[in-house]
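The values are calculated or read from the model by the stated rules, or taken from the named source; none is laboratory data. Predicted model only: the values in this text are computed from it and were never measured. Here the Cβ positions follow ideal geometry from the backbone for every residue, glycine too, while neighbour counts run over all protein chains shown.
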Amino acid sequence: MTGRDEPIAAVVATVFAEGWGRITATLIRLTGDWDLAEECAQDAFAQALVRWPIDGIPDAPLAWLTTTARRRALDRIRRASVEAEKLRLLAEEARRMPSPMPESAIPDDRLELMFACAHPALATDAQVALTLRTLAGLSTAEIARAFLVSEHAMGQRLFRAKQKIRYAGIPFRVPPDHLLPERLPSVLHVLYLLFNEGYWASGGADLIRPRLLDESIRLARVLTSLMPDEPEAHGLLALMLLQDSRRAARLDDAGDFTPLDEQDRSRWNSAQIAEGLELVERALRRGRPGPFQIQAAVAACHASAPTATETDWRQIALLYEQLARLTPSPVVALNQAVAIGMTDSPEAGLLLVDELSDALDGYHLLAATRAGLLRRAGRRTEAADAYRKALDLAPTDAEQRYLRRRLGEVASDLGEVASNKTAG
């Protein structure tokens, strides 16, 4: 056992981040029951919070949690009176302490699990959502926000996916090497959403979750090494590096959000930018442009601009137009509207943003984008209303503080205008 004075909650959080997927994958393979695997893994972590402050932190926390979760699963099966033969086989498996997955060419167990989840019998959205929930440990609410649906709708989607796995007998195993390419799009999507949750958290006190950023980039590097001829894998890694290069400049010293046009570009990570630019150029030269390569090209436009005013917004607008043809979505349209608002006029951007009001109802970045365009157009009263709406919807403390500051600036401008009119 390690020292009793170690912060138990911090250790549990670290092991959760690193081992949740491995534990649940082990239990899924043993029991074939996804819900049971999640519940028993949760029970194991709950037990750790109770026992470790008393007994001390085990020398091998992940092994302790895996064993505890296995025992819990066996207890649940006994109480449910599962047939004796299955119980005997499970107990035998537990004694052998098997690794979560069989040997494969994938040089990382987390990546193995993601490919195992990406079974073609499930719809792509279901594959991605199930992987994020079961193996990455994101909450249903976090996944729902990533998909821009309600938490209830996402819960139903996850339930249906698990039911299909159960009744169709879909196996949980790593696919052979020749089947990896057909599962690659889902794995890329999972890594992209994991990175996004780290880059722009869907809730809580912190806007940035460094652990998720670092792990997503690490896994993307492993993936590009595993599949060096897949340009979309390189495009995703380029996108991650170019976006993450701004990490140090995205929050000020007080932890408040700093928008792109106000960031100190000397704080950007030049090594990440150089690598990202090289990767996206190399990927695009293959002549098979995909969504991640195009998004990386957008990030490259920002990364290569010496100042915010020198950003090539026209090129960015064209790239979003191309992206909208490949993967049409209201979020892509929103980004395209911003680029057009910067290229043509705020009013041109506002026309496009207002067309998205139904599709993105309740999305705080729609209100924040609209507020910014209204402010640039000089429509301060409407901008103030839009900032208030964005503030009501903003999920993180850092964003709320930023929006309050913007609202205060617009309100101050309105006060000055009113004062000048009175004086006149």
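Could you check, for region 271-281, whether at least one of its residues is part of a loop (DSSP other than H, G, I, E, B) and farther than 24 Å from R406 by Cα? Checked against the condition, which is being part of a loop (DSSP other than H, G, I, E, B) and farther than 24 Å from R406 by Cα, region 271-281 yields no hits at all.
Just one of the listed residues (A333, A296, A300, A283) is farther than 18 Å from P231 by Cα and surrounded by 14 or more Cβ atoms within 10 Å (Cβ to Cβ), namely A333. If you go through region 336-360 and pick out every residue that is touching a residue at least 24 places away in the same chain (Cβ under 8 Å) and assigned to a helix (DSSP H, G or I), you end up with 10. Considering only region 247-262, I want to know if a residue exists there that is small (G, A, S) and not in a loop (DSSP other than H, G, I, E, B). Yes, region 247-262 has at least one match. Of all residues in region 384-402, none satisfies being assigned to a helix (DSSP H, G or I), over 26 Å from the mean Cα position of the chain (by Cα), among the basic types (K, R) and modelled with pLDDT under 95. If I filter region 307-321 for residues that are at pLDDT 95 or above, under 26 Å from R221 (Cα atoms) and out of contact with any helix residue (DSSP H, G or I) (no Cβ under 7 Å at 6 or more places or on another chain), do I get at least one hit? Looking through region 307-321, none of the residues is at pLDDT 95 or above, under 26 Å from R221 (Cα atoms) and out of contact with any helix residue (DSSP H, G or I) (no Cβ under 7 Å at 6 or more places or on another chain).
In region 361-380, of all residues being of a type in the set (D, E, K, R) and assigned to a helix (DSSP H, G or I), the one that is farthest from R404 (Cα to Cα) corresponds to R376. Confirm whether S202 is of a type in the set (S, T, Y) and either assigned to a loop (DSSP other than H, G, I, E, B) or surrounded by fewer than 24 Cβ atoms within 10 Å (Cβ to Cβ) (or both). Judged against the criteria, S202 is a match. In this structure, is A168 farther than 28 Å from L360 by Cα, among the small types (G, A, S) and modelled with pLDDT of 85 or more? Against the criterion (farther than 28 Å from L360 by Cα, among the small types (G, A, S) and modelled with pLDDT of 85 or more), A168 does not qualify.
Count of region 23-43 residues, restricted to those that are surrounded by fewer than 21 Cβ atoms within 10 Å (Cβ to Cβ) and not acidic (D, E), is 4. Listed residues A144, A136, A118, A63; which is modelled with pLDDT of 75 or more and either out of contact with any helix residue (DSSP H, G or I) (no Cβ under 7 Å at 6 or more places or on another chain) or of a type in the set (F, W, Y) (or both)? Of A144, A136, A118, A63, the one residue that is modelled with pLDDT of 75 or more and either out of contact with any helix residue (DSSP H, G or I) (no Cβ under 7 Å at 6 or more places or on another chain) or of a type in the set (F, W, Y) (or both) is A63. When D43, D59 are checked against the criterion of being outside any helix (DSSP H, G or I), in contact (Cβ under 8 Å) with a residue 24 or more places away in the chain and not assigned by TED's automatic domain parsing to the domain that holds A126, a single residue qualifies: D59.
Here G32 meets each of (1) over 24 Å from G155 (Cα atoms); (2) at pLDDT below 85 with one exception, condition (1). If only residues of region 179-196 that are among the hydrophobic types (A, V, I, L, M, F, W, C) and under 12 Å from E232 (Cβ atoms) are counted, the one that is surrounded by the most Cβ atoms within 10 Å (Cβ to Cβ) is L191. Among the helices (runs of 4 or more DSSP H) confined to region 124-181, the ones with at least 2 residues that are basic (K, R) and touching a residue at least 12 places away in the same chain (Cβ under 8 Å) are located at 151-168.
Of the residues T311, T258, only one is farther than 22 Å from L191 by Cα and in contact with a strand residue (DSSP E or B) (Cβ under 7 Å, 6 or more places away or on another chain); which? Show your work before the answer.
Numbers: T311 fails: in contact with a strand residue (DSSP E or B) (Cβ under 7 Å, 6 or more places away or on another chain).
Answer to the selection: T258.
Counting only residues that are of a type in the set (D, E) and under 25 Å from T396 (Cα atoms), which one in region 338-378 is farthest from the chain's Cα centre (by Cα)? Give the steps one after another, and end with the answer.
Within region 338-378, the subset of a type in the set (D, E) is 344, 347, 354-355, 358, 361.
Filter once more, so that each one left must be under 25 Å from T396 (Cα atoms): 354, 358, 361.
On the way: D354: 27, D358: 24, D361: 21 Å.
For region 338-378, the residue satisfying everything is D354.
Would you say R72 is in contact with a helix residue (DSSP H, G or I) (Cβ under 9 Å, 6 or more places away or on another chain), surrounded by 18 or more Cβ atoms within 10 Å (Cβ to Cβ), over 21 Å from L194 (Cα atoms) and at pLDDT 85 or above? In short, yes. The C-beta contact set for region 4-24 (first residue assigned by TED's automatic domain parsing to the domain that holds F115, second residue at pLDDT below 85 and among the aromatic types (F, W, Y), distance under 8 angstrom, 6+ apart or interchain) is empty.
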